[in-house]
Amino acid sequence: QVQFVESGGGLVQPGGSLRLSCAASGTMFSIYAMGWYRQAPGKQRELVAAQASGGRTHYGDSVKGRFTISRDNAKNTLYLQMNSLKPEDTAVYYCNTIRIATMTPLGSWGQGTQVTVSS
């Protein structure tokens, strides 16, 4: 009964920044590894960034150095700071719990939040 509500997406120019939020409910948030995924039209959902409950992070090669994942366990909230955005970052972004050993999602998908990078 884990629920995720993503927010913070929008339209941004190339080179701009956005900060996405993922509010989790119905779970003991602090014990889970969490991740951000994205899915562009016609493409499969891909893992963008992940963070273990202890803070260790993983980033996809395409976003490394530009995106930063973080969490506030007290607020049951996961964040994705997105800087130097590129048109190829355009996608619907989702969060989910992650089985850390395989980097695969465990929970149900929320509605996601749309990020559009365009001039």
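The values are calculated or read from the model by the stated rules, or taken from the named source; none is laboratory data. Remember, it's a predicted structure, so these values are computed and weren't measured experimentally. Here the Cβ positions follow ideal geometry from the backbone for every residue, glycine too, while neighbour counts run over all protein chains shown. Ligands, DNA and RNA are stripped out before the accessible areas are found, and what is left, the full protein with its side chains, is counted by its heavy atoms. Shrake-Rupley method; radii C 1.70, N 1.55, O 1.52, S 1.80 Å.
Please count how many residues of segment 28-60 are of a type outside the set (A, V, I, L, M, F, W, C), in contact with a strand residue (DSSP E or B) (Cβ under 7 Å, 6 or more places away or on another chain) and either open to solvent by 40 Å² or more (accessible area, probe 1.4 Å) or more than 15 Å from THR113 (Cα to Cα) (or both). Adding up the residues that qualify gives 10.
Inspect segment 61-70 for any residue being exposed (fewer than 13 other Cβ atoms within 10 Å of the Cβ), acidic (Asp, Glu), closer than 20 Å to PHE29 by Cβ and out of contact with any Asp or Glu (no Cβ under 7 Å at 6 or more places or on another chain) and give the result as yes or no. Before you say what the answer is, go through the steps one by one.
Taking segment 61-70 first, the residues exposed (fewer than 13 other Cβ atoms within 10 Å of the Cβ) are 61, 64-65.
Those left that are additionally acidic (Asp, Glu): 61.
Okay, now just the ones that are also closer than 20 Å to PHE29 by Cβ, so none.
Scanning segment 61-70, I find no residue that is exposed (fewer than 13 other Cβ atoms within 10 Å of the Cβ), acidic (Asp, Glu), closer than 20 Å to PHE29 by Cβ and out of contact with any Asp or Glu (no Cβ under 7 Å at 6 or more places or on another chain), so the answer is no.
Show the residue pairs that are 6+ apart or on different chains and have beta-carbon atoms under 7 Å apart, the first residue being within segment 87-103 and modelled with pLDDT of 90 or more, the second being among the acidic types (Asp, Glu) and buried (at least 19 other Cβ atoms within 10 Å of the Cβ). Pairs that qualify, where the first residue is modelled with pLDDT of 90 or more and the partner is among the acidic types (Asp, Glu) and buried (at least 19 other Cβ atoms within 10 Å of the Cβ), are TYR93/GLU6; TYR94/GLU6; CYS95/GLU6. Taking TYR93, is it out of contact with any helix residue (DSSP H, G or I) (no Cβ under 7 Å at 6 or more places or on another chain) and either among the aliphatic types (A, V, I, L, M) or open to solvent by 20 Å² or more (accessible area, probe 1.4 Å) (or both)? No; evaluated as a whole, the condition is false for this residue.
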